[in-house]
Amino acid sequence: MSRLLRIAFLSGLTICSSWSPAQTPPAPARPPRPTPPTRDPHTPGYVTATELIDGRNAPIDADGNFILGPTHNPAPEMTFQEGVPQGTVSEFVMESKDSKIYPGILREPGTYGTADPNDPAKMIVTTSHPAPYSRRVTVYVPKQYVPGTAAPFIVGADGPDKMLFTALDNLIAQHRVPAMIAISISNGGGDAQGSQRGLEYDTMSGLYAEFVEKEVLPQVESRYSVKLTKDPEGRATMGGSSGGSCALIMAWYHPELYHRVLTYSGTYVNQQWPSNPETPHGAWEFHERLIPNSPPKPIRLWMEVGDRDNLNANVMRDNMHDWVLANENMARVLAAKGYHYQFVFARNAGHTDRAVKMQTLPQALEYVWRGYPVSGSK
């Protein structure tokens, strides 16, 4: 979102701050979400993919499309292992009053937006207004970190991510990934259009990456006496759902900051609010227009979707809210542009499926960090 759009948006919210139920009735309650259908990975129009033996993961040295079997047992790296050096996990809190980038908004509880009758790609939200928030930032520092050296790191959404920290303990000890710092940033609250989380994660701009760079990373360095690398090859992003699309948004708009991306059930759909004429279809624009019409960027991407992933998860019926189709389209355009990517279609899996993450996260991290030195910090 451009600076002018942000100013206009925040000004509009100031006007909305006097909203009360007496003045504007809340939107009708959202009907229950239907259970998503189970999609077949061999559906016509989906990408051609390699079917894996049940229980197996995609090879860490291969690009392309893979179909995961229906059994999802945890990888051994996802549990505590005796004798493995344990990283330290610390936490601090950030308040909205201290942010120059995200002063805070909130959509009234129990209210939802409505589809614009003149444009099904737009959501009208009348119950969002300024509101404070607090967020936790959880920081994992591996035992192998050498003080004073510039460490590679991974930024995760919707933190804290205990599964990530456990996987890193084991993978770092086995010299399968570099000794990286992990920074799990909790969102500012709510979900989707009109919420602080939606504003942070679904906005198609470099703003969230700039927030992390200017307001989060300096605190991490000063509070925990660590140094974070400036080399984009040593910087990764990850997340699930809107946190996943946010991970790619960070790298797309700031490839000078991030080159490595890992997403589960990425929300590559039309969920941006407020609408932006530069990207009117939100993250659906990635596979509709942005990736096909742009020179390849130095981004290495691992992504997953479940066969029962979200479909039309809100009142909009714009044909741009199918998570499976969106991720399939992503795989197609990434391949056409020659990206290093790996796409995993998981059978017997829902949205941001925990069992799938427990099975695949170690190998996903290895794939994302391919080509980076693992002997120590860079």
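Quick one: dipole size for the chain, taken about the Cα centre, charges +1 on Lys/Arg Cβ and -1 on Asp/Glu Cβ, in debye to the nearest 20.
The dipole of the chain has a size of about 460 debye.
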The chain: calculated mean residue ellipticity at 222 nm from DSSP helix runs of at least 4, using -39500 (n - 2.57): -7000 deg cm²/dmol
In whole percent, the fraction of accessible protein surface over the chain that belongs to carbon or sulfur atoms, probe radius 1.4 Å, stands at 56 percent
Taking only Cα atoms of the chain, radius of gyration then Dmax in Å: 20.3, 63
With the crude spin-label approximation of a point 7 Å out along Cα→Cβ, what separation in nm comes out for Val146 versus Arg289? 4.8 nm
Name the long-range amide H neighbours of Asn65: under 5 Å, sequence gap of 5 or more, or other chain; modelled H, no Pro or chain starts. Thr50, Phe343
With R₀ set to 30 angstrom, the calculated FRET efficiency between the beta-carbons of Ile101 and Met163, to the nearest 0.05, is 0.60
Listed residue (Ile105, His72, Gly83) projecting farthest to the positive dipole end of segment 65-125, Cβ model: Ile105
Taking the mean number of other Cβ atoms within 10 Å as a proxy for protection, how do you rank 74-87, 335-348 from highest to lowest? 335-348, 74-87
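I want to check a number: in the chain, how many lysine pairs have alpha carbons closer than 14 Å, given a sequence separation of 8 or more or different chains?
6
Tally Lys/Arg at +1 and Asp/Glu at -1 over every other residue whose Cβ is under 15 Å from the Cβ of Asp54; what's the total?
Surrounding charge for Asp54 is 0.
The values are calculated or read from the model by the stated rules, or taken from the named source; none is laboratory data. Being a predicted model, the structure only gives us computed values, none of them experimental. For neighbour counting, all protein chains shown are included, and Cβ atoms are generated from backbone atoms with ideal geometry for every residue, glycine included. For the accessible areas, the whole protein counts, side chains as well, though only heavy atoms, and no ligand, DNA or RNA atoms are used. Shrake-Rupley method; radii C 1.70, N 1.55, O 1.52, S 1.80 Å.
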